[in-house]
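Remarks on the structure that follows.
The values are calculated or read from the model by the stated rules, or taken from the named source; none is laboratory data. As the structure is a computational prediction, the values presented were derived from the model and not from experiment. FYI the Cβ positions are ideal-geometry reconstructions off the backbone, even for glycines, and counts take in every protein chain you see. For accessibility, only protein heavy atoms count, side chains too; no ligands or nucleic acids. Shrake-Rupley method; radii C 1.70, N 1.55, O 1.52, S 1.80 Å.
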Amino acid sequence: MGAGVVVAFRKAFPGLKAACMEYMEMVKNSISVNSEYENRSPFVTDNYTIFPYRHVDEGKTVYNMFTKKNYWHKAGKGISYDDYMKHLKESLEMVKRSMVVKSERKLAMPRIGSGLDRCNWEDVKEIILEVFKDTDFEILICEFK
């Protein structure tokens, strides 16, 4: 959480980095504890996608999605492009489900995946449109400069 658009999110949500680090520690602990018994974590899907972290700060909500095991991986380097896109789609589906449950109807996001992670924006956009096609959400894509 130290480069790209995430820096702006850290400024807008000062507690986000620490909260995400705490969340990831819970994820790691649940994986190590559960691997001894059932090889399943309550924070990880069958496809090994980590559930997004929902952070609320002063009435504003941000979802932090985890699309790869290590932050330094890029689509095609450390994780295959196809696997990255699968994790991205699954993460977006989980965000959508959470938003429905929480009665959230507005979603603003940067061009996720297409900056430092090097995904083709048209591929990402197609996934976003597919995931949210059956909703009445207002979606705003912001370009970070």
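Rounded to the nearest 5, what is the percent of antiparallel bridges among the DSSP beta bridges in the chain? Restricted to the chain, the bridges split so that about 55 percent are antiparallel.
The fraction of accessible area contributed by carbon and sulfur in the chain is 52 percent, rounded to a whole number (1.4 Å probe; ligands and nucleic acids excluded). Solvent-accessible surface of the range 74-137, taken per residue with a 1.4 Å probe and all protein chains present: 57 Å². With θ taken as phi - 60° and the Karplus curve 6.51 cos²θ - 1.76 cosθ + 1.60 applied, the whole-hertz 3J(HN,Hα) list for the range 17-22 is 4, 4, 5, 5, 5, 5 Hz, x standing for glycine and proline.
Structure remark: mean-square fluctuation, Gaussian network model of the chain, C-alpha springs under 10 Å; the largest value among PHE51, PHE132, PHE66 belongs to PHE132. Per residue, the chain reaches -13500 deg cm²/dmol at 222 nm when only DSSP H runs of four or more residues are counted, each adding -39500 (n - 2.57).
Couplings for the range 97-104, taken from phi via the Karplus curve 6.51 cos²θ - 1.76 cosθ + 1.60 with θ = phi - 60°, read 4, 5, 4, 5, 4, 8, 6, 8 Hz in order; Gly and Pro are left as x. Measuring with a 1.4 angstrom probe and ignoring ligands and nucleic acids, LYS68 comes out at about 40 Å² accessible. The phi-based Karplus calculation (6.51 cos²θ - 1.76 cosθ + 1.60; θ = phi - 60°) puts the 3J(HN,Hα) values of the range 67-77 at 9, 7, 5, 10, 4, 7, 5, 10, 4, x, 9 Hz, whole numbers, x for Gly and Pro. Overall, the ratio between the Cα radius of gyration of the chain and 2.2 N^0.38 Å, rounded to two decimals, is 1.04. Using alpha carbon centroids, what distance separates the range 70-145 and the range 39-61, in Å? Measuring centre to centre over Cα atoms gives 14 Å. Taking Cα centre as origin and charging only the Cβ of basic (Lys, Arg, +1) and acidic (Asp, Glu, -1) residues, the dipole magnitude of the chain rounds to 460 debye. The residues packed around TRP121, meaning those with a beta-carbon under 14 Å from its beta-carbon, carry a net charge of -2 if Lys and Arg are +1 and Asp and Glu are -1.
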